[in-house]
1. Carbon and sulfur atoms: what percent of the 1.4 Å accessible area of the stretch 239-336 do they account for?
2. Grab the chain and count how many Lys pairs have their alpha-carbon atoms under 23 Å apart, sequence gap of 8 or more, or different chains.
3. Roughly how many debye, to the nearest 20, is the charge dipole of the stretch 316-357 about its Cα centre, given +1 on each Lys and Arg Cβ, -1 on each Asp and Glu Cβ, and no other charges?
4. Quick one: give the max-minus-min coordinate of the C-alpha atoms of the stretch 260-347 along each principal axis, largest first, in Å.
5. Accessible area of the stretch 10-165 with a 1.4 Å probe: how many percent of it is carbon plus sulfur?
6. Starting at 0 and stepping by 5 Å, how many percent of the alpha carbon pairs of the stretch 1-157 end up in each bin?
7. Let me spell out the model: positive unit charges on the Cβ of Lys and Arg, negative unit charges on the Cβ of Asp and Glu, origin at the Cα centre of the chain. What dipole size does that give, in debye rounded to 20?
8. Could you give me the ³J(HN,Hα) list for the stretch 108-119, computed from phi with Karplus coefficients 6.51, -1.76, 1.60 and θ = phi - 60°, whole Hz, x at Gly and Pro?
Amino acid sequence: MNNIPLALYVHLPWCVRKCPYCDFNSHEIKNGSFPEREYVDAVVRDIKFSAGLFRGRKLESVFLGGGTPSLISVQGIAAILEAADAVSGLCSGTEITLEANPGAADSLRFAGYRGLGVNRLSIGAQSFDNHKLKSIGRIHDAAGARSAVAAGAAAGFADINVDLMYGLPGQTAEDALADLSAAVSLESAHISWYQLTIEPNTLFHAKPPPLPGDDLTWEMQNCGEEYLAGQGYRQYEVSAWSRPGSECGHNLNYWEFGDYIGVGAGAHGKITNGTVTRQSRLRVPQGYMRAAGSDAAIAAKRTLNEQDCILEFMLNALRLKDGVPLSRFSARTGLAPARVQAQVDAARADGLLEDEPSLLKATEKGARYLNDLLQYFMS
């Protein structure tokens, strides 16, 4: 029996409007509508087609991401979860997360999702400053962001993540702290807080906005981390903060090199069965919908070699503030610890890894210079 945790990621790609910084596989709704029923049917076929990958394993978590999943009707989400339950078996302990944007948030719909067993919301607020929201092309305002979080709480969600960015156009350290303060005042159980970066193939890449410099973003990061710690949040990953017990299990599975099945347009998956295999689905929704439920929907598939496994494991695990047991490296990659001992010893000697024989954990210096730390494991 495979003891590696298994998760399901479902990609729901439509948005009301494409944000200028977004490089995700998301597609703007045209003429006020999108083919929800056809797409949901395709996802259901895809889940059934993927049944062999489950191999009797129960799902630890389900993540409905996008795009804007809160655009999907309660009936559509129900069909997807019913398909997942049929092939794997969901239970009361399965973490089920749905991403929502304030511009597509509805209290009745939230209550409907909660009734289906969805037990975690991730709300893409990004900021609580109207000027900053406008500068990054969001369709909601600060009041809408607050209302979305309140609607989630009223619908019975105890675990609500508020997604925020810093380093926004024209932002000061005080502005960044004000955003965090607003999220804390809403009693958010979890806060994802990460720096805005300019990615290729985005509008911001073609027309870059004036962003704060490195010194200012470093000040934002330090002040923000100190503030959140003072408010009782624990940083358990580079950009993730939570109240005790409200860590995101689905994302922890990624960072700990667990397995996950990806369905939906452009979704990625990773499965361990003697070897570690990654595969991805067709990105364009129309093509995906035609092919879903067959091998034709698989855009790419590859088996990781030893070096791939080492680098990908470290790339994820070393983001975790508590690190991971060295034994997990072997359990998740199938490789002996001796395979990386020389690299680990070198990183410890240079002060980038903690000097604990049974633990892989970045030092404060290693966490700050994470890319430098990862260089040790690239060959």
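The values are calculated or read from the model by the stated rules, or taken from the named source; none is laboratory data. What you see is a predicted model; the values in this text were computed from it and never measured. Every residue, glycine among them, receives a Cβ derived from its backbone with ideal geometry; neighbour counts consider all protein chains shown. The protein model used for the area step is the full one, side chains on, heavy atoms only, and it has no ligands, DNA or RNA in it. Shrake-Rupley method; radii C 1.70, N 1.55, O 1.52, S 1.80 Å.
1. On the way: 1990 of 3890 Å².
C and S fraction of accessible area: 51 percent.
2. 14
3. Value, rounded to 20: 300 debye.
4. 51, 27, 17
5. In the stretch 10-165, the share of accessible area belonging to carbon and sulfur is 50 percent.
6. 2, 9, 18, 20, 19, 15, 9, 5, 2, 1, 0
7. Values: 35 positive and 42 negative charges, 266 e Å.
The calculation lands at about 1280 debye.
8. Here the 3J(HN,Hα) series is 5, 5, 4, 4, x, 4, 4, x, 7, x, 4, 10 Hz.
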